[in-house]
Amino acid sequence: MTTYDIIILGGGAAAFAAATKANDLQATALIVNSGLPLGGTCVNVGCVPSKHLLGIADALEATRHSAFDSVPLGRLNGQFSVRAARNEKDALVEGLRRRNYEQVLESLEHIDLREGRGRIVAPGGVDVDGESFEGRHILVATGARASIPAIPGLADAGYLTNVEALQLDEAPGRLVVIGGGPLGLEFAQIFARFGSHVTVLEALPQIVPKAEPEIAAALGEALEEEGIAI
């Protein structure tokens with residue numbers, strides 16, 4: 001049985017920070033990762049891909065509207081493809097994951113990686129798909145999943161989380177976004193600009209509930225001008 005100073009369950013940002021710090025201290029560490037690829041939410045299904053799609057959506061919108069008479073609008077001639085946008089996003093994510101996580105991890109001499117689901121089976125004992133490891137310390141850094149609200153009929157109707165929404169090859173004809181916070185509004189604007197009829201549902205009195213009311217109102221007006229119903 002291989003023994004490490006620390007076994008880290010998870011392969012996201014917290015796990016990666018722990019591994020690099022362990023290496024700095026010349027402590028041996030094992031990262032056990034399953035589910036999302038190495039890098040966790042941000043690089044794979046979070047801010048990196050969503051911001052890239054927002055950038056594509058912004059460029060697409062710029063071809064449709066001009067604030068200046070002297071600036072003619074471009075013509076896409078029907079060439080825009082959500083699938084092409086997804087492929088471009090996937091290529092970016094793969095490159096960043098390789099450069100910022102996989103190659104860095106390969107350069108850390110005291111750190112090992114095992115792809116698989118880890119189970120704590122005893123004090124200091126971890127099983128990874130039938131292989132046993134021992135750690136003087138165990139760090140649980142497994143992240144979180146989307147919380148699905150208990151709305152009657154939602155499971156039967158079918159729904160997307162951020163993970164599935166980022167893998168679509170076509171824009172839905174109609175899309176309801178449950179939640180008017182920053183993430184919900186990101187996806188609302190992306191898919192509205194990609195051609196979906198989007199409705200945002202927010203239970204509280206305003207979208208982006210933590211923002212100043214004036215900011216929320218101005219943002220709501222801007223989104224409604226783009227055709228998003230709130």
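The values are calculated or read from the model by the stated rules, or taken from the named source; none is laboratory data. Note that this is a predicted model, so its numbers are computed, not measured. Here the Cβ is made from the backbone with ideal geometry for all residues, glycine too, and neighbour counts use every protein chain on show. Only protein heavy atoms, including side chains, enter the accessible area calculation; ligands, DNA and RNA are left aside. Shrake-Rupley method; radii C 1.70, N 1.55, O 1.52, S 1.80 Å.
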*asked:* Every residue in segment 152-174 that is under 25 Å from Phe80 (Cβ atoms) and open to solvent by 60 Å² or more (accessible area, probe 1.4 Å), please.
replied: Leu160, Glu164, Gln167, Glu170, Arg174
*Would a scan of segment 182-191 turn up a residue that is assigned to a helix (DSSP H, G or I) and open to solvent by 70 Å² or more (accessible area, probe 1.4 Å)?*
yes
_Looking only at segment 1-13, and only at residues there that are open to solvent by 20 Å² or more (accessible area, probe 1.4 Å) and modelled with pLDDT of 95 or more, the one that is farthest from Cys42 (Cα to Cα)_ = Thr3
*In segment 135-151, residue farthest from Ile120 (Cα to Cα) [restricted to those that are among the β-branched types (Val, Ile, Thr) and exposed (fewer than 14 other Cβ atoms within 10 Å of the Cβ)]*: Ile151
_Please count how many residues of segment 80-135 are assigned to a loop (DSSP other than H, G, I, E, B) and either touching a residue at least 12 places away in the same chain (Cβ under 8 Å) or over 30 Å from Gly55 (Cα atoms) (or both)._
10
_Residues of segment 192-230 that turn out to be part of a helix (DSSP H, G or I), under 22 Å from Ser81 (Cβ atoms) and of a type in the set (Gly, Ala, Ser), as a count_ = 1
*Within the bounds of segment 155-166, is there any residue that is β-branched (Val, Ile, Thr) and farther than 30 Å from Tyr101 by Cα?*
no
_Consider segment 22-49. How many of its residues are β-branched (Val, Ile, Thr) and assigned to a helix (DSSP H, G or I)?_
4
*asked:* Being assigned to a helix (DSSP H, G or I) and open to solvent by less than 10 Å² (accessible area, probe 1.4 Å) is the requirement here; does Ala19 meet it?
replied: yes
*What about Val128, is it over 23 Å from the mean Cα position of the chain (by Cα) and modelled with pLDDT of 95 or more?*
yes
*Taking into account only those residues within segment 192-202 that are surrounded by fewer than 22 Cβ atoms within 10 Å (Cβ to Cβ) and touching a strand residue (DSSP E or B) at 6+ places or on another chain (Cβ under 9 Å), which is farthest from Thr63 (Cα to Cα)?*
Glu202
*What is the residue count in segment 136-171 for residues that are out of contact with any helix residue (DSSP H, G or I) (no Cβ under 6 Å at 6 or more places or on another chain), among the polar types (S, T, N, Q) and in contact (Cβ under 8 Å) with a residue 40 or more places away in the chain?*
2
*asked:* One residue is enough: does segment 145-157 have a residue meeting the conditions touching a Gly at 6+ places or on another chain (Cβ under 6 Å), under 19 Å from Ala14 (Cβ atoms), not aromatic (Phe, Trp, Tyr) and not in a strand (DSSP E or B)?
replied: no
*For Val177, which of the numbered conditions (1) over 25 Å from Ala22 (Cβ atoms); (2) open to solvent by 50 Å² or more (accessible area, probe 1.4 Å); (3) in contact (Cβ under 8 Å) with a residue 24 or more places away in the chain fails to hold?*
(2)
*Kindly list, by first and then second residue, each pair from a residue in segment 1-28 that is in contact (Cβ under 8 Å) with a residue 12 or more places away in the chain and hydroxyl-bearing (Ser, Thr, Tyr) to a residue that is assigned to a strand (DSSP E or B) and open to solvent by 20 Å² or more (accessible area, probe 1.4 Å), limited to pairs with Cβ atoms under 7 Å and residues at least 6 apart or on different chains.*
Thr3/Glu134; Thr28/Asp5
